[in-house]
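To keep things clear, I will list the structure first and then write my remarks on it.
The values are calculated or read from the model by the stated rules, or taken from the named source; none is laboratory data. Everything numeric in this text was worked out from a predicted model, so none of it was measured. Reconstructed Cβ throughout: ideal geometry from the backbone, glycine too, with neighbour counts over all protein chains shown.
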């Protein structure tokens with residue numbers, strides 16, 4: 001049982017492919033929501049569209065967009081790059 005818990009901590013409870021699909025869907029929803037739900041405030045429309053575009057951009061440029069297997073080397077490279085780029 002301990003091995004399964006460790007695997008979940010490294011991979012997460014949601015598979016990488018499903019996580020990527022959810023991110024793409026959420027980004028698209030944020031972009032179309034102001035028009036589908038007729039937002040009255042233009043700043044809310046702008047914020048929703050911008051956040052949706054940023055989410056899509058981050059998802060498209062990430063190492064794991066829709067399910068590349070997560071292993072320790074990929075995680076270490078991604079984490080190290082994040083620390084060094086600050």
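Here are a few things to note about the model shown:
- Test: residue in segment 66-78 that is modelled with pLDDT of 55 or more and surrounded by 15 or more Cβ atoms within 10 Å (Cβ to Cβ): yes
- Residue within segment 42-61 that is within 13 Å of the chain's Cα centre (by Cα), exposed (fewer than 12 other Cβ atoms within 10 Å of the Cβ) and modelled with pLDDT of 55 or more present: yes
- Looking only at segment 1-35, and only at residues there that are surrounded by 12 or more Cβ atoms within 10 Å (Cβ to Cβ) and over 30 Å from residue 47 (Cβ atoms), the one that is modelled with the highest pLDDT: 15
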